[in-house]
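Quick note: the coordinates plus some simple rules give every number you see, no bench work behind them. From a predicted model like this one, the values you see are computed outputs, not experimental measurements. Note that we place each Cβ from the backbone using ideal geometry, even for glycine, and neighbour counts take in every protein chain shown.
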Protein chains: 2
Amino acid sequence: MPTLNLELGPRSYPIYIDSALFDDEELLSAHIRAKRICIVTNNIVAPLYLEAIKSKLTKFELDEIILPDGEAEKSLANFERIMSHLLANTHGRDTTLIALGGGVIGDITGFAAASYQRGIDFIQIPTTVLSQVDSSVGGKTAVNHSLGKNMIGAFYQPKAVIIDIDSLATLPLREFNAGMAEVIKYGILGDYEFFVWLENNINAIKSGDKSTLSKMIERCCQCKADIVANDETETGVRALLNLGHTFGHAIEAEQGYGNWLHGEAVATGMVLAGKLAVAMNLLEVSDLCRIEALIEAFDLPLQAPETMSCNDFIRHMSRDKKNIGGKLRFIIPTAIGKSEIRDDITQETLQQIL
Amino acid sequence: MPTLNLELGPRSYPIYIDSALFDDEELLSAHIRAKRICIVTNNIVAPLYLEAIKSKLTKFELDEIILPDGEAEKSLANFERIMSHLLANTHGRDTTLIALGGGVIGDITGFAAASYQRGIDFIQIPTTVLSQVDSSVGGKTAVNHSLGKNMIGAFYQPKAVIIDIDSLATLPLREFNAGMAEVIKYGILGDYEFFVWLENNINAIKSGDKSTLSKMIERCCQCKADIVANDETETGVRALLNLGHTFGHAIEAEQGYGNWLHGEAVATGMVLAGKLAVAMNLLEVSDLCRIEALIEAFDLPLQAPETMSCNDFIRHMSRDKKNIGGKLRFIIPTAIGKSEIRDDITQETLQQIL
């Protein structure tokens with residue numbers, strides 16, 4: 001089976017990508033250290049996959065936490081709920097958490113694993129495009145705060161990532177498309193060849209062709225793993241993975257978490273970053289058109305919410321984690337397949353494009 | 001000035017121990033990376049030292065969070081309050097937090113630093129015996145949960161520890177004595193010579209003799225630094241530092257945080273661990289008597305609360321972080337200056353001593 005490895009010395013771990021992995025008892029058990037497990041999932045994923053996975057893990061002592069679905073649930077309140085569950089059920093330091101679900105479940109479970117008794121093992125089993133190609137790999141864990149997305153969290157790596165691409169078959173179309181924003185992101189920020197491959201495979205992807213999806217996810221995970229291996233805690237190149245996220249997080253925070261899906265906000269954010277680049281004469285208009293066309297092919301929004309003013313954006317972006325010394329920093333595409341970090345964007349340029 | 005170094009590769013840091021360090025502008029500034037600082041302290045310490053320290057840091061942009069005093073404040077609610085303050089004031093990843101106060105302030109500030117935007121710098125300025133000899137060194141950060149002490153946290157190292165022993169002059173006697181429990185702990189668990197030195201210096205310590213206090217704190221920090229350098233995340237020898245804490249945490253949780261001071265609970269916990277050792281024929285009764293005498297010399301309690309049953313203890317201890325595979329684990333003194341981790345304590349032996 002296609003297996004990548006994220007190389008981080010003692011924190012290295014495998015990323016398995018294939019069909020029918022939820023039936024693979026040996027694989028599901030391979031990275032569990034002791035006899036207790038707690039699965040964290042949500043009320044959408046649980047009816048689909050929880051029993052199947054539990055039936056393969058009967059040799060462990062297992063319980064579960066089922067959160068409501070949605071970005072609004074990635075909260076400190078639900079983090080506390082996980083802590084209370086683990087304590088009430090006397091889970092020890094040798095328990096393994098399993099995050100079964102999308103990015104919300106992966107992020108909050110990862111932060112819970114990082115913090116419970118100062119750190120326990122966890123495994124990512126992502127079930128959405130977004131979490132399979134992005135959030136489950138690389139150890140960024142977090143919960144949201146009303147004043148900013150992912151503002152409370154930790155860099156904390158899982159013991160393994162198990163990606164069963166069959167789980168995408170049950171994903172609602174809107175969520176599938178939202179995840180495609182993160183896929184397209186890899187092409188724009190650093191992989192021209194992959195961008196072209198995506199342009200040529202739109203139909204195969206949309207029809208859910210397994211071999212195409214498998215290739216696509218593997219390529220994204222490889223890209224992510226390469227970047228994270230070079231810069232685990234985002235002191236440099238890892239920031240490029242935030243392409244589209246500076247504007248995107250502002251949209252999500254302003255609109256209320258969950259009203260725009262994360263991937264939808266990132267899609268618009270990438271277009272805005274592209275417009276910024278064009279306004280600064282850093283990107284050809286024709287490249288921006290190709291970016292917009294690919295994003296649109298997956299029915300993703302190209303325009304910021306009409307109700308959001310430039311000041312609304314700036315208010316949220318002033319809290320962006322990338323900012324240094326109070327200066328806004330943006331990831332700017334300078335061509336398809338090339339991007340850089342800039343902190344020299346003027347208020348006027350922002351006003352012009354927003 | 002006496003300066004120790006905690007050797008942890010890229011996470012190494014200095015521990016400064018001396019008088020009048022709050023006047024040392026250069027030292028206070030030395031480990032601050034950018035231009036913004038947020039000091040976290042409490043309503044007891046703030047009137048004593050906050051202005052003095054702020055007056056030495058005028059070249060930085062500085063704000064502060066003043067929490068109420070007490071162990072009950074080491075909560076997820078106050079952790080969230082710190083997060084909200086930092087976000088509302090648009091602190092970035094380059095902000096440095098300063099923990100000015102005792103163990104509660106150090107622990108909660110450290111966890112806030114570990115979690116804010118997935119990790120920012122922090123400096124420990126401990127002002128109590130307990131925090132100077134124990135909690136400020138070694139990177140254990142946490143908040144409490146109603147079901148267990150320090151159950152939510154991270155291993156996250158400060159950039160420096162600045163110990164001004166003058167701050168002990170303002171410490172209430174009960175708190176001073178409680179801190180002595182952690183001092184005595186180092187003697188019992190691994191340093192016979194230090195235990196004897198303590199027996200011989202009871203009066204000098206009680207009278208607040210600066211040179212004696214300085215020596216005492218340095219010895220404790222050296223002991224802690226040596227152990228942590230060998231086992232940062234407590235996979236082995238670091239657990240010995242929990243001598244007295246298994247019983248102690250149970251007392252604290254059962255009595256409500258703050259009713260028994262942490263050090264008082266640890267003092268009783270060490271006596272109970274000693275009694276366990278005697279009951280198992282692992283410790284001479286005469287050694288237990290010397291331990292009790294030294295603890296009593298600092299007016300610390302030798303007996304568990306009368307209202308606590310053996311079952312009360314076991315209920316709390318079953319959630320202890322040291323437990324593996326559901327088995328209770330205790331640190332047992334086998335002589336003054338020697339201790340070991342045991343998981344073979346029977347319910348009967350526990351009933352006998354509780």
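Structure notes:
- Residue among A:A113, A:A265, A:A30 with the largest mean-square fluctuation in a Gaussian network model of chain A, springs linking Cα atoms under 10 Å: A:A30
- Cut-off 12 Å (backbone N to label point 7 Å along Cα→Cβ of B:D231), residues of region B:328-351: B:330-332, B:339-342
- Selected from B:L171, B:L100, B:L240 as most flexible by GNM, with chain B as the system and alpha-carbon contacts under 10 Å: B:L171
- With the cut-off at under 16 Å, measuring from each backbone N in region A:50-70 to a point 7 Å along the Cα-to-Cβ line of B:L147 picks out A:62-67.
- For B:Y13, the amide hydrogen comes within under 5 Å of the amide hydrogens of B:L6, B:L8, counting only partners 5 or more places away or on other chains and with H modelled in the peptide plane.
- Teacher prompt: A:N259 distances to equivalent labels in other copies, 7 Å Cα→Cβ, nm: 4.7
- Modelled spin labels at B:Q303 and A:R315, positioned 7 Å past Cα toward Cβ, are 6.2 nm from each other.
- Over the protein assembly as shown, dividing the summed -39,500 (n - 2.57) contributions of all DSSP H runs of at least 4 residues by the number of residues returns a 222 nm mean residue ellipticity of -12500 deg cm²/dmol.
- Between copies, the label points of A:G326, set 7 Å from Cα on the Cα→Cβ line, lie 5.8 nm apart, reported in increasing order to one decimal in nanometres.
- Approximating the spin labels as points 7 Å out from Cα along Cα→Cβ, the A:E64-to-B:S211 distance works out to 6.9 nm.
- Selected from B:T233, B:T127, B:T141 as most flexible by GNM, with chain B as the system and alpha-carbon contacts under 10 Å: B:T233
- Note on B:R11 and A:A169: with the Förster distance fixed at 45 Å, the Cβ-Cβ geometry gives a FRET efficiency of about 0.50.
- Residues of type aspartates and glutamates that B:K327 reaches as a straight line, Cα spacing below 14 Å, ignoring anything fewer than 8 places off in the same chain: A:D94, B:D343, B:D344
- Computed log10 I(q)/I(0) for chain A at 0.10, 0.14, 0.16 Å⁻¹: -0.57, -1.13, -1.46, from the Debye equation with unit scatterers placed on every C-alpha and solvent omitted.
- Sequence-separation-based contact order of chain B, relative, with Cα cut under 8 Å and 6+ spacing, percent: 16 percent
- Copies compared at B:A52 - label distances in nm, ascending, label defined 7 Å from Cα in the Cβ direction: 6.5
- Residues B:A20 and B:T349, FRET efficiency given R0 of 45 Å [Cβ-Cβ distance, rounded to 0.05]: 0.35
- Translational D in µm²/s for region A:173-353 (Stokes-Einstein at 10 °C, 1.306 mPa s, Kirkwood Rh from C-alpha pairs): 97 µm²/s
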